[in-house]
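Inspection log for the structure reproduced underneath, given as structure tokens.
Just so it is clear, none of the values below were taken in a lab; they were calculated from the coordinates. Since this is a predicted model, take the numbers as computed values, not measurements. As a convention, Cβ positions derive from the backbone with ideal geometry for all residues, glycine included, and neighbour counts pool all protein chains shown.
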Amino acid sequence: MKLVLASQGFTTNEIAKEVEKLVGKPLKEINIAIINEAYVGLDGTKDKRWLIKELSNIEKYIGGVIDFVNFRAYSKEEIKKRLNMADLIYIVGGRQHLLEKLFRETDTIDIIKNISKTKVIMGTSAGSIVLGKKITSEKFWDERYPKDKEVAKTHEELNLVDFNIIPHYLREDHKKWTKDFFERVLADNEFKVYAIKDSQAVVYNDGKIEFIGGTPDIFGRK
């Protein structure tokens with residue numbers, strides 16, 4: 001299994017080169033299938049320039065076919081067909097919990113898990129989080145995502161790996177969530193959580209974990 005858990009996608013040449021290595025094809029030949037439904041759950045007052053920038057970075061680096069796979073519009077067979085045509089599956093972020101809900105309601109969790117055995121999957125922000133293990137600390141949900149804490153009680157992630165990430169770590173609009181904050185609210189979490197900046201990514205390559213863009217801060221029980 002080869003996964004790239006990023007914060008904001010193709011933000012650096014280093015991240016792009018790592019994807020090229022994992023896929024085993026030049027960037028100019030890589031075909032990509034994009035899953036992009038999570039942004040629809042964001043508040044209407046939230047600026048979406050980040051999404052335009054993230055998608056433009058895909059166009060900048062990826063030279064093959066770029067496809068969007070709409071899980072609400074296509075049948076399971078069509079989803080499977082389109083994902084199998086791609087070399088890289090790219091899951092864009094957005095609203096927390098929305099992707100797991102999408103996969104569950106469209107009965108496609110099995111498709112994602114099966115495709116992870118043969119294709120490289122890259123997630124960004126919430127698109128990375130859904131690939132990992134659900135954070136167990138109640139303090140984390142109470143203080144970081146208070147509006148989502150009731151949903152978090154029944155929500156699950158895909159558990160493709162036994163860790164997770166904190167995206168956008170220490171970014172200008174996330175500075176109030178400091179290192180001390182995460183050390184406190186994740187102190188009793190049962191597994192490692194990697195806090196990554198927008199220039200970083202965590203790579204899972206057939207059981208081996210590598211860091212792109214520097215070593216992240218690590219929280220939870222180590």
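Computing FRET efficiency as 1/(1 + (r/R0)^6) for SER75 and ARG49, where r is the C-beta to C-beta distance and R0 is 45 Å, gives about 0.85. Under a 5 Å amide H cut-off, with hydrogens placed 1.01 Å from N, ILE166 pairs with TYR194, ALA195, ILE196 among residues at least 5 apart or on other chains. What lysines sit close enough to LYS147 to cross-link, taking a C-alpha to C-alpha distance under 25 Å and skipping anything fewer than 8 places away on the same chain? Cα-Cα hits under 25 Å: LYS46, LYS48, LYS101, LYS133, LYS134, LYS139, LYS175, LYS176, LYS179, LYS192, LYS197. Amide H contacts for PHE68 (H built 1.01 Å from N in the peptide plane; partners 5 or more residues away or on another chain; cut-off under 5 Å): ILE34.
Here's how it looks for GLU157: its modeled amide H is under 5 Å from those of LYS134, which are all 5 or more places away or on a different chain. Here the range 155-193 is scanned for amide nitrogen atoms under 19 Å from the site 7 Å beyond the Cα of ASP142 along Cα-to-Cβ, giving 155, 177-178, 180-191.
Just from its helices, what would the mean residue ellipticity at 222 nm be for the chain, if runs of 4 or more DSSP H residues each count -39500 (n - 2.57) and the sum is divided by every residue, rounded to the nearest 500 deg cm²/dmol?
The helix contribution divided over the chain gives -8500 deg cm²/dmol.
In a DSSP loop and with at most 13 other Cβ atoms within 10 Å, the trypsin sites (Lys or Arg not before Pro) in the range 1-101 are LYS46, LYS48, ARG72.
Would you please name the trypsin sites (Lys or Arg not before Pro) within the range 147-213 that are DSSP coil residues with at most 10 other C-beta atoms within 10 Å of their C-beta? Hits after loop and neighbour filter: LYS153, LYS175, LYS176.
May I ask what percent, to the nearest 5, of DSSP beta bridges between residues of the range 2-219 are antiparallel? Antiparallel bridges make up about 40 percent of those DSSP assigns within the range 2-219.
Derived scalar couplings between HN and Hα for the range 58-69 equal 4, 4, 5, 9, 8, x, x, 5, 10, 10, 10, 10 Hz in order, rounded to whole Hz, by the Karplus curve 6.51 cos²θ - 1.76 cosθ + 1.60 (θ = phi - 60°), x for Gly and Pro.
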